[in-house]
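Down below is the structure, laid out as structure tokens.
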Amino acid sequence: MRVNRNVPFARLRGDRRGMALPVALFGLVAVTILVTSALMTSTTEAAMSSANLDATRALYTAEGAVQAYVASRGAELDSVRNLDWQIPGTTQRARITVTRLGRLPGDITANPPFGPTDRYSVLAEPLVNGRPGRGVIALVSLPSVYTHMALNVNAGATVGSDLEVGGNSKVVDRSSACADSLGAAAVVHEAGTTVTTSGSGNISGSVQQSSLSGQAFIDWILNGKTLEEFAKLADIKFGPRLDPELFPNNARAKWDATNPKLRWGCPAGIAGVTCPTNDPQTNLYPTVGVDANGGTVNLQGDHGQGILIIFNGNLEIQGNFQYNGIVLVEGYTKITGTGGGSTTSKIEGALISLGQNTTQKTNIAESATMGNAVISYNRCQVKAAQDAFNQRQIQKPVFQAPQATFGWFELVR
């Protein structure tokens, strides 16, 4: 190689021609690294953000599923495993597992008495594309309380509306079938209502007007409970809020009825009613709860005993129905028993007709007894019916709604 000795060395050292390309390449590499790093960082952060969003959504969905399931099951919370369940009001589904953990003892000597408390764990796992995701477990206590019936009733007919006793019907303050020396009223009615007779209608005994009206009158009679509350504890149930089967209007209750839900016991001792010998029906005092769904329950006969509860509607007895025990009606009651003598419609115990407005107006404007109907206060039957109800509640404690969930934790796989 020839060297031009005429060019000074310092001049060669200061010549920067040819440096642009390496610098440009270095800058391009640096920018590429920065862009790649930024893309990787943003992609990673987006993936992390999406995963965190999905996890948070799954967590909230799981928490909501636990609360919604416990609320929807209420007193009927029980063990289930891997239940595919749709969360109400949403399109989301969750897999539910409920496990009974144990039972804490109760105290039947308390006032009111209460039974044991069951403890459950409730696991909810949101289902995404049919697969479970993030899960949450909560603990629930399900206490049981014995619901005690102690009605304030001391009259043949206790009414929250005007009462008309007409035809040949009568309301009596005391039944000859019960040795009752304490005495009672024939009728107790709400303040501001009236009691009248027409035709040969007869009221045997005192008529007492309560100083209470409205909800205070109802609370006094039912001792702070509600008819629906008692109806939900019934042995036999009809109507939307209680059972899918509606009450068959114009039904005839009888100890040997074709429909088992119309077998309401056989009240021995009522004229015209023949009970089978040594049959369990003679000792049966069932509670029958009927949701009238805003209408009128119609009974044609024949007989029964125990407690008959009609809520969300009225009661009309058109045939010859004979009943031992307590008849409780939220709306109005009309009894138009036909015939006479042993075929007269009769209630031995107590009729409580609260006369409250129903969701549908009916043509019954007031409680009334017509025809040959007889209502006789029978303290023995009132006590027997309530005792039978309360004894069943003690034997089979009725669970209230679960207490608030507690002990929350996330399931980690």
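Results for (1) at pLDDT 70 or above; (2) among the acidic types (Asp, Glu); (3) touching a Ser or Thr at 6+ places or on another chain (Cβ under 7 Å); (4) open to solvent by 20 Å² or more (accessible area, probe 1.4 Å), shown as yes or no for each residue.
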{"position": "Ile108", "(1), (2), (3), (4)": "no, no, no, yes"}
{"position": "Asp118", "(1), (2), (3), (4)": "yes, yes, no, no"}
{"position": "Leu123", "(1), (2), (3), (4)": "yes, no, yes, yes"}
{"position": "Gly130", "(1), (2), (3), (4)": "no, no, no, yes"}
{"position": "Val136", "(1), (2), (3), (4)": "yes, no, no, no"}
{"position": "Val140", "(1), (2), (3), (4)": "yes, no, yes, no"}
{"position": "His148", "(1), (2), (3), (4)": "yes, no, no, yes"}
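Residue pairs whose Cβ atoms lie under 8 Å apart, separated by 6 or more positions or on different chains, with the first residue in segment 73-96 and under 19 Å from Val128 (Cβ atoms) and the second assigned to a loop (DSSP other than H, G, I, E, B), are Gln86/Gln92; Arg93/Ile87; Ala94/Ile87. For segment 277-295, taking the residues that are in a loop (DSSP other than H, G, I, E, B) and at pLDDT below 75, the one that is least open to solvent (accessible area, probe 1.4 Å) is identified as Asp279. Taking the criterion of being closer than 16 Å to Val329 by Cα and surrounded by fewer than 20 Cβ atoms within 10 Å (Cβ to Cβ), the residues of segment 150-196 that qualify are Asn152, Asp162. Only one entry in Leu77, Leu53 is at negative phi and open to solvent by 90 Å² or more (accessible area, probe 1.4 Å), namely Leu53.
So is Gly355 at pLDDT 75 or above, within 21 Å of the chain's Cα centre (by Cα) and crowded, with 19+ Cβ neighbours inside 10 Å or not?
no
For segment 307-322, the candidate set comprises residues that are over 18 Å from the mean Cα position of the chain (by Cα) and of a type in the set (S, T, N, Q); within that set, the residue that is nearest to Thr336 (Cα to Cα) is Gln318. In the set (1) farther than 20 Å from Tyr377 by Cα; (2) open to solvent by less than 40 Å² (accessible area, probe 1.4 Å), Ala216 fails one condition alone, (2).
For segment 260-272, give me each residue that is part of a loop (DSSP other than H, G, I, E, B) and either crowded, with 19+ Cβ neighbours inside 10 Å or at pLDDT 90 or above (or both).
Correct list: Arg263, Trp264, Gly265, Cys266, Pro267.
For Lys346, the test of being open to solvent by 50 Å² or more (accessible area, probe 1.4 Å), closer than 21 Å to Cys266 by Cα and at pLDDT 70 or above is passed. Condition (residue is out of contact with any strand residue (DSSP E or B) (no Cβ under 9 Å at 6 or more places or on another chain), touching a residue at least 40 places away in the same chain (Cβ under 8 Å), part of a loop (DSSP other than H, G, I, E, B) and of a type in the set (D, E, K, R)) applied to segment 220-231: is it met by at least one residue? Checking segment 220-231: at least one residue is out of contact with any strand residue (DSSP E or B) (no Cβ under 9 Å at 6 or more places or on another chain), touching a residue at least 40 places away in the same chain (Cβ under 8 Å), part of a loop (DSSP other than H, G, I, E, B) and of a type in the set (D, E, K, R). In the set (1) at negative phi; (2) crowded, with 18+ Cβ neighbours inside 10 Å, Gly239 fails one condition alone, (1).
Within segment 202-212, restricting attention to residues that are in a loop (DSSP other than H, G, I, E, B) and free of Cβ contacts under 8 Å to residues at least 24 places away in the same chain, the residue that is surrounded by the most Cβ atoms within 10 Å (Cβ to Cβ) is Ser210.
The values are calculated or read from the model by the stated rules, or taken from the named source; none is laboratory data. Just so it is clear, the structure is predicted and the values come from calculations on it, not from any experiment. Here Cβ is always computed from backbone atoms with ideal geometry, including for glycine, and neighbour counts include all displayed protein chains. Only protein heavy atoms, including side chains, enter the accessible area calculation; ligands, DNA and RNA are left aside. Shrake-Rupley method; radii C 1.70, N 1.55, O 1.52, S 1.80 Å.
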